[in-house]
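For reference, the structure discussed in these notes is given below.
Here, each number is a calculation from the coordinates, and none is a lab measurement. This structure is a prediction, so every number in the text was calculated from the model and none was measured. With ideal geometry, Cβ positions are generated from the backbone for all residues, glycine too; neighbour counts draw on all protein chains shown.
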Amino acid sequence: MPSEIPAPLPIHYDTVHLAAEDHYEALVDELVHRGSCVVDEIGSLVFSRDAPGPAAWARNSWLAPAEYRVQSIGDAARVLSSIQRNWHLHSIAHHRRAQLIADRLAPIRFRPLDFPARVPSAPLGAFGLLDRDRLLASPVCSSAFADGRPVFTEDRHGPPNRAYLKLWEALTLARNPPGPGDVCLDLGASPGGWTWVLSQLGADVIAVDRADLAPKLAAEARVTMHRGDAFGVTVEDLDRRPDWILSDVIAYPTRLHALAAYWCRACPQAGVIITVKCQGAVDPTEIDRFLDIDKARLRHLSANKHELTFFRLPDAGPPEGASRRP
Ligand SMILES: C[S@@+](CC[C@H](N)C(=O)[O-])C[C@H]1O[C@@H](n2cnc3c(N)ncnc32)[C@H](O)[C@@H]1O
């Protein structure tokens, strides 16, 4: 029988966000823009009130945070175990003590994922010590991965560059990746990391770029290359309506917004995944406009640099991404 969960301490926030690396300010600006009140900041954690839910610039959002007074290491471990089995330590303070608590919890093996991979279905909570005797724990987090970072077994031979990792992560979060018989339009495809992923999945790929694909990919039977402007392609130019539209084109967010809006409208049943590249300081208003598109989600992937990934999936996922609240 699990022991009883002790009463949590009163708190004045409803979400704790772990900022994406180097994007702390972008996260705070995003939260303020969407009407959240930032009430505290500790390290890379931002404590906010009023607009709960995942944030785009967060690696992980702790959605049900609670604080507990704990008398000892054993006491803290008992509190956590009484809530649920799986916890990841995100150390905040009293690091050694926090690690001793983690050592007393049920072990979890974080093995690298072999793509295509499933998002773990078991909930993974996050915890840390705010003080010697003050435990912060959230059994519900936006990401099922430790600190929001899926780690993949890399392929150092097949793809022409490392961009494939970004699409592996995006398609893992999408849950239902493309497969045989699907038509994927890959905009800004060169040298072909994404095209390689899609072709490996058995999909037919229409790759568009001003530059060439790696010769090995260009020669693949499932890959058709169109040399030209990715912004000039319309659905009428294609022999078959695409099931997926993917873009990794480098362009200003306003142009990418127009691209996202067009393809979401032209192919309402398709999955759309677009990298939203940012230049310099991020304008939260500009980024927020992407969420005006029906079923849109935005997320900073661990493989993203100064950019976000836009998703418009038929099931309105992935749940890890920020979405427009009603
Ligand atoms: C970040 S790279 C894409 C990497 C690619 N996803 C991969 O996995 O290898 C951006 C690509 O966008 C292409 N690009 C930029 N503007 C473009 C445009 N207007 N039309 C077509 N391609 C464009 C560039 O030539 C470049 O190959």
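May I ask for the net charge around Cys264, where only other residues with Cβ less than 14 Å from the Cβ of Cys264 are counted and Lys, Arg are +1 while Asp, Glu are -1?
Here the charged neighbours net out to +4.
Rounded, prolate or oblate: pick one for region 167-276, where a ≥ b ≥ c are the square roots of the eigenvalues of its C-alpha gyration tensor, a/c under 1.5 means rounded, and failing that, prolate if a/b is larger than b/c, else oblate.
Because its axes are fairly even, with a/c under 1.5, region 167-276 counts as rounded.
In terms of the Cα gyration tensor, with a ≥ b ≥ c the square roots of its eigenvalues, is the chain rounded because a/c is under 1.5, prolate because a/b exceeds b/c, or oblate?
prolate
For Asp14, what residues show an amide H to amide H distance below 5 Å, using hydrogens built from the backbone and excluding near sequence neighbours?
Result for Asp14 returns Ser48, Arg49, Asp50.
With a sphere of radius 10 Å drawn around the Cβ of Thr275, what net charge do the other residues whose Cβ falls strictly inside it have (Lys, Arg +1; Asp, Glu -1)?
+1
Under a 10 Å cutoff between Cα atoms, tell me which one of Ala146, Ala266, Ala296 has the largest fluctuation in the Gaussian network model of the chain.
Ala266
Within the set of other residues whose C-beta is less than 9 Å from the C-beta of Ala189, count the net charge using Lys and Arg as +1 and Asp and Glu as -1.
Overall, the nearby charge balance is -3.
Which of the peptides 252-258, 78-84 is most tightly packed, and how do the rest follow, going by the mean number of other Cβ atoms within 10 Å of each residue?
Ranked from most to least packed, the peptides come out as 78-84, 252-258.
If I build a Gaussian network model for the chain, linking alpha-carbon pairs within less than 10 angstrom, which residue out of Asp315, Asp237, Asp29 has the largest mean-square fluctuation?
Highest fluctuation among the options: Asp237.
Under the classification rounded if a/c is under 1.5, otherwise prolate if a/b is larger than b/c and oblate if not, where does region 31-165 fall, given a ≥ b ≥ c as square roots of the Cα gyration tensor eigenvalues?
Because a/c hits 1.5 or more and a/b fails to exceed b/c, region 31-165 counts as oblate.
What whole number of Å gives the distance from the Cα centroid of region 175-235 to the Cα centroid of region 39-54?
Here the two parts' Cα centres lie 39 Å apart.
If you average the alpha carbon positions of region 1-38 and of region 270-326, how far apart do those two centres end up, in angstrom?
20 Å
Pick out which of Glu169, Glu21, Glu236 has the largest mean-square fluctuation in a Gaussian network model of the chain, springs linking Cα atoms closer than 10 Å.
Judging by the Gaussian network model, the answer is Glu236.
Run down the lysines and flag those whose C-alpha is under 27 Å from the C-alpha of Lys295, throwing out any fewer than 8 positions away in its chain.
Lys166, Lys277, Lys305
Between Ala221 and Glu286, what is 0.36 nm times their sequence separation minus the Cα-Cα distance? Round to one decimal in nm.
Full extension of this stretch gives 19.5 nm more.
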